[in-house]
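Student: Could you have a look at this structure, given as structure tokens, before my questions?
Every number here is computed from the coordinates shown, using simple stated rules; none is lab data. Worth saying up front: this structure is predicted, and the values here are computed from it rather than measured. Every residue, glycine among them, receives a Cβ derived from its backbone with ideal geometry; neighbour counts consider all protein chains shown.
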Amino acid sequence: VQLQASGGGLAQAGGSLRLSCTASGNIFSIMHMGWYHKPPGKTREPVAVITSGGTTNIADSVKGRFTVSRDWNNNSLYLQMNKLTPEDTGVYYCGALAASALYWGQGTQVTVSS
């Protein structure tokens, strides 16, 4: 499974960004997909995960601001990020659980200025 993330960039506090992730390869083995955030100098943590059944799990820190969605037809995962804060700065990774293995995209940088 290969994952290609895009959509990061620079935003002002209060602004919005939309991240996209497209999966290719053995996509039929993909079960869960999600977005993970690695702030500068910190470890990577889950932000929003969507299961194969469509259940979403959103981190408390972004609830009410971020929305995750999945387009099965286009093998894509999205993260709509609203009301951005400087704490949202970091690298965002798309991850997928497929055939008991975890796959990662290359990451996309999000920088939020105050």
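Student: In the range 38-112, which trypsin sites (Lys or Arg not before Pro) are in a loop and have at most 14 other Cβ atoms within 10 Å, using DSSP for the loop call? Before the final figure, lay out the partial values.
Tutor: On the way: sites: Lys42, Arg44, Lys63, Arg65, Arg70, Lys83; in loops: Lys42, Arg44, Lys63, Arg65, Lys83.
Taking the range 38-112 and a limit of 14 other Cβ atoms within 10 Å, the loop trypsin sites (Lys or Arg not before Pro) found are Lys42, Lys63, Lys83.
Student: A further question on this structure: Once you compute Rg and the Kirkwood Rh from C-alpha atoms, what is the Rg to Rh ratio for the chain? It would help to have the intermediate numbers written out before the result.
Tutor: On the way: Rg = 13.3 Å, Rh = 13.9 Å.
Rg/Rh: 0.95.
Student: Over the range 16-73, consider all pairs of different Cα atoms and compute the Kirkwood hydrodynamic radius from their mean reciprocal separation; express it in Å, one decimal. Walk me through the intermediate numbers first.
Tutor: Details: mean 1/r = 0.0788 Å⁻¹.
Across the range 16-73, the inverse of the average 1/r is 12.7 Å.
Student: Additional query: Can you tell me the relative contact order of the chain? Whole percent, Cα pairs under 8 Å, sequence separation 6 or more. Show your work: numbers first, answer last.
Tutor: Values: 290 pairs, mean separation 43.0, N = 114.
In percent, rounded to a whole number, it is 38.
Student: Using a cut-off of 13 Å between beta-carbons, work out the net charge of the residues near Gly107 (Lys and Arg +1, Asp and Glu -1, Gly107 not included).
Tutor: Values: positive: Lys38, Arg44; negative: none.
Once positives and negatives cancel, what remains is +2.
Student: With each pseudo-label sitting 7 Å past Cα toward Cβ, what's the Thr111-Glu87 distance in nm, one decimal?
Tutor: 2.2
Student: Let me ask something else. Cut-off 18 Å, label point 7 angstrom out along Cα-to-Cβ of Ile27: give me the residues of the range 84-99 whose amide nitrogen falls inside.
Tutor: So the set is 94-99.
Student: From largest to smallest, what semi-axes in whole angstrom does the range 48-114 give when each is the square root of 5 times an eigenvalue of its alpha carbon gyration tensor?
Tutor: Square roots of five times the eigenvalues give 23, 14, 11 Å.
Student: How much of the DSSP beta bridge set in the chain is antiparallel, as a percent to the nearest 5?
Tutor: Values: 40 of 44 bridges.
Around 90 percent of the beta bridges assigned by DSSP in the chain are antiparallel ones.
Student: Once you put a point 7 Å from the Cα of Glu45 and another 7 Å from the Cα of Thr67, both along the Cβ direction, what distance in nm separates them?
Tutor: So the label points at Glu45 and Thr67 sit 2.4 nm apart.
Student: If the cut-off is 19 Å between C-alpha atoms, which aspartates and glutamates fall inside it for Lys38, apart from same-chain ones fewer than 8 positions away?
Tutor: Asp60, Glu87, Asp88
Student: Sticking with this one: From the backbone phi of the range 30-35, what are the Karplus-calculated ³J(HN,Hα) couplings (6.51 cos²θ - 1.76 cosθ + 1.60, θ = phi - 60°) in whole Hz, Gly and Pro given as x?
Tutor: Using θ = phi - 60°, the values come out as 6, 10, 9, 9, x, 10 Hz.
Student: Just subtract the alpha-carbon distance of Gln4 and Ser52 from 0.36 nm times their residue separation and send over the number in nm, one decimal. Working shown, then result.
Tutor: Numbers: separation 48, 0.36 × 48 = 17.28 nm, distance 1.91 nm.
Value of the extension gain: 15.4 nm.
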